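Reading through the structure tokens given below for one structure.
The values are calculated or read from the model by the stated rules, or taken from the named source; none is laboratory data. In this text the structure is predicted, and so the values were computed from the model without any measurement. Here Cβ is always computed from backbone atoms with ideal geometry, including for glycine, and neighbour counts include all displayed protein chains.
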Amino acid sequence: MNEISKIVEQGYNKIAEDYYSHRNLNKFNMELERFTSLISEDAHVLDVGCGAGIPTAKFLVEKGVKVTGIDLSETMLTLARKNVPTAKFIKMDMNELEFNGNTFNGIISVYTLFHVPKEKHLEIFNQFFKVLKPEGILLINTGISESEGISNFFGVPMFWSNFKPKTTLDLVKKVGFSIISEAVLERGGEYQYWIFGIKKKP
């Protein structure tokens with residue numbers, strides 16, 4: 001694991017419960033509703049950067065969706081297993097997905113990508129494309145301005161990295177995704193760039 005991944009892992013291990021006590025857990029329910037409308041009822045979804053399992057994994061499981069969540073933070077994963085006992089949670093770095101190709105019907109990675117150096121985003125999108133089945137749905141978000149660095153976050157150092165939206169969109173298209181929609185949205189008083197994509201059949 002590289003130094004940046006360690007900063008993110010150690011940071012969230014320390015702040016997990018404090019972070020969730022301050023988080024608006026319903027702020028992107030509209031996006032989750034839309035995502036579930038785009039996948040089949042028997043879908044298997046990968047939640048990348050699942051955190052404590054709320055809201056994404058919990059929301060999906062309550063809709064009858066099978067969920068596998070991955071995260072760097074063991075503290076977050078412990079909370080996730082308590083919060084969503086019917087989902088599967090694995091300690092894994094999103095830079096190195098350990099899944100076979102064509103495994104999932106959907107991938108959600110929200111409030112996560114900006115913790116990875118932006119020069120690695122293309123390879124991450126490539127891995128997302130590979131592990132999705134044909135007609136699989138992608139939902140991601142990231143920041144709205146290009147930047148990179150470390151700042152104080154809930155009292156711990158945290159790493160952040162973003163491309164501007166157009167660059168992120170171009171990278172998602174480059175690996176093969178067709179775009180369903182993309183927009184800068186305000187959710188819970190914050191602005192992020194959101195993309196819905198689909199892996200079309202060859």
*Looking only at strands (runs of 3 or more DSSP E) that fall completely inside the stretch 107-172, which ones have 1 or more residues that are farther than 30 Å from Asp42 by Cα?*
147-153, 156-162
*Right, Ile4: surrounded by 11 or more Cβ atoms within 10 Å (Cβ to Cβ) and farther than 23 Å from Asn83 by Cβ or not?*
yes
*Applying the selection to the stretch 18-70, what residues are closer than 19 Å to Phe196 by Cβ and free of Cβ contacts under 8 Å to residues at least 12 places away in the same chain?*
Met30, Glu33, Ser37
*Out of Pro165, Pro134, Pro157, report the one residue that is in contact (Cβ under 8 Å) with a residue 12 or more places away in the chain, crowded, with 18+ Cβ neighbours inside 10 Å and either farther than 23 Å from Gly53 by Cα or over 16 Å from the mean Cα position of the chain (by Cα) (or both).*
Pro165
_Residue check for Asn100: over 15 Å from the mean Cα position of the chain (by Cα), assigned to a loop (DSSP other than H, G, I, E, B) and either at pLDDT 95 or above or surrounded by fewer than 22 Cβ atoms within 10 Å (Cβ to Cβ) (or both)_ = yes
_What's the total number of residues in the stretch 49-65 that are surrounded by 23 or more Cβ atoms within 10 Å (Cβ to Cβ) and among the aliphatic types (A, V, I, L, M)?_
3
